[in-house]
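Enquirer: Below you will find the structure I want to go over with you.
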Amino acid sequence: MNPPAWLILVGAYLIGSFPTAYLVGRRYGVDLRRTGDGNLGARNAYLTLGRIPGVTIGVVDIFKGMLAVWLAKVLSSETLLPYLAAVAVALGHDFSIFARFQGGQGMAAILGGMVILQPREALLGIGAALLVLLLTRHWDLAWLIGLGGMFALGLYFERPVIQAMLVACLFLTIGVKKVADAPLRQHIRGGRP
């Protein structure tokens, strides 16, 4: 007997909520919510704590996305539920119940989910993002192109429209998180815009 869809989505949210960056930061004596850009993600950890903590956090957060989507695929025969689980894990990462609803931008969790949902598109998009990052050193531009490429490749490879729409919603969570975090970033900078 399959668990109900709502239970799978709550589970995905809780997996996403695991506060990897918060815990690793605390291990180093730093509250990442109060330093750098205030983001509980791999990039802020990388810039604040260094390469090993940043990469470790990124790997764990990618795994969170993979795990949540994989469980949704295994526990349910509904074809759209894994896409909804990807959104739930990203929102859990963005707004962690264990970190007072603060979190990262969800990129690593989204990448992990996309690797399970659409591996071909994900790997090509990641490759494009890494190439742009190497050429421009501009993080946001690189991942905008990489994530946009994943969406476009899904359309190119004729994924169902509803899947494309859910992938777009998945990527929109990053924008929602950036807007939600704007006051925090301004506070960390001492009120400067």
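Enquirer: Taking residue 108, is it touching a Leu at 6+ places or on another chain (Cβ under 9 Å) and touching a residue at least 40 places away in the same chain (Cβ under 8 Å)?
Expert: Criteria not met by residue 108.
Enquirer: Additional query: For the range 39-81, what are the residues that are surrounded by fewer than 19 Cβ atoms within 10 Å (Cβ to Cβ) and of a type in the set (A, V, I, L, M, F, W, C)?
Expert: Of everything in the range 39-81, those that are surrounded by fewer than 19 Cβ atoms within 10 Å (Cβ to Cβ) and of a type in the set (A, V, I, L, M, F, W, C) turn out to be 47, 52, 55, 59, 60, 63, 70, 74, 75, 80.
Enquirer: Report the residue count in the range 93-107 for those that are within 19 Å of residue 168 (Cβ to Cβ), in a helix (DSSP H, G or I) and small (Gly, Ala, Ser).
Expert: Residues that pass the stated criteria total 0.
Enquirer: Also, I was wondering about something else. Report whether or not residue 113 is over 30 Å from residue 162 (Cα atoms) and small (Gly, Ala, Ser).
Expert: Working: over 30 Å from residue 162 (Cα atoms): no; small (Gly, Ala, Ser): yes.
No.
Quick grid of which residues meet (1) touching a helix residue (DSSP H, G or I) at 6+ places or on another chain (Cβ under 9 Å); (2) surrounded by fewer than 18 Cβ atoms within 10 Å (Cβ to Cβ); (3) at pLDDT below 90:
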| residue | (1), (2), (3) |
| --- | --- |
| 107 | yes, no, yes |
| 113 | yes, no, no |
| 116 | yes, no, no |
| 120 | yes, yes, no |
| 136 | yes, yes, no |
| 147 | yes, no, yes |
| 150 | yes, no, yes |
| 184 | yes, yes, yes |
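Enquirer: Given the criteria among the aliphatic types (A, V, I, L, M), without any contact (Cβ under 8 Å) to a residue 24 or more places away in the chain, in contact with a Gly (Cβ under 9 Å, 6 or more places away or on another chain) and surrounded by 23 or more Cβ atoms within 10 Å (Cβ to Cβ), does residue 32 qualify?
Expert: Details: among the aliphatic types (A, V, I, L, M): yes; without any contact (Cβ under 8 Å) to a residue 24 or more places away in the chain: yes; in contact with a Gly (Cβ under 9 Å, 6 or more places away or on another chain): yes; surrounded by 23 or more Cβ atoms within 10 Å (Cβ to Cβ): yes.
Yes: the conditions hold for residue 32.
Enquirer: So, in the range 17-29, exactly how many residues are assigned to a loop (DSSP other than H, G, I, E, B) and either within 10 Å of residue 104 (Cβ to Cβ) or in contact (Cβ under 8 Å) with a residue 24 or more places away in the chain (or both)? Give the derivation first.
Expert: Here is the first cut: in the range 17-29, the residues assigned to a loop (DSSP other than H, G, I, E, B) are 18-19, 28-29.
Right, trim to either within 10 Å of residue 104 (Cβ to Cβ) or in contact (Cβ under 8 Å) with a residue 24 or more places away in the chain (or both) and you get 18-19, 28.
Within the range 17-29, residues that are assigned to a loop (DSSP other than H, G, I, E, B) and either within 10 Å of residue 104 (Cβ to Cβ) or in contact (Cβ under 8 Å) with a residue 24 or more places away in the chain (or both) number 3.
Enquirer: Turning to a different aspect of this structure: Tell me, yes or no, whether the range 160-178 has at least one residue that is modelled with pLDDT of 85 or more, loosely packed, with under 14 Cβ neighbours inside 10 Å and not small (Gly, Ala, Ser).
Expert: Within the range 160-178 (the criterion being modelled with pLDDT of 85 or more, loosely packed, with under 14 Cβ neighbours inside 10 Å and not small (Gly, Ala, Ser)), the answer is yes, since at least one residue qualifies.
Enquirer: Within the group 124, 111, 133, which residue is part of a helix (DSSP H, G or I) and farther than 24 Å from residue 157 by Cα? Working first, answer last.
Expert: Numbers: 124 fails: farther than 24 Å from residue 157 by Cα; 111 fails: farther than 24 Å from residue 157 by Cα.
After ruling out the rest, the residue left standing is 133.
Condition check ((1) within 22 Å of residue 165 (Cα to Cα); (2) in a helix (DSSP H, G or I); (3) not charged (D, E, K, R)) across all residues:
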position	(1), (2), (3)
11	no, yes, yes
15	no, yes, yes
38	no, no, yes
46	no, yes, yes
54	no, yes, yes
60	no, yes, yes
66	yes, yes, yes
82	yes, yes, yes
85	yes, yes, yes
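The values are calculated or read from the model by the stated rules, or taken from the named source; none is laboratory data. Computed from a predicted model, the values in this text were never measured in an experiment. Glycine also receives a Cβ, built like all others from the backbone with ideal geometry; neighbour counts cover every protein chain displayed.
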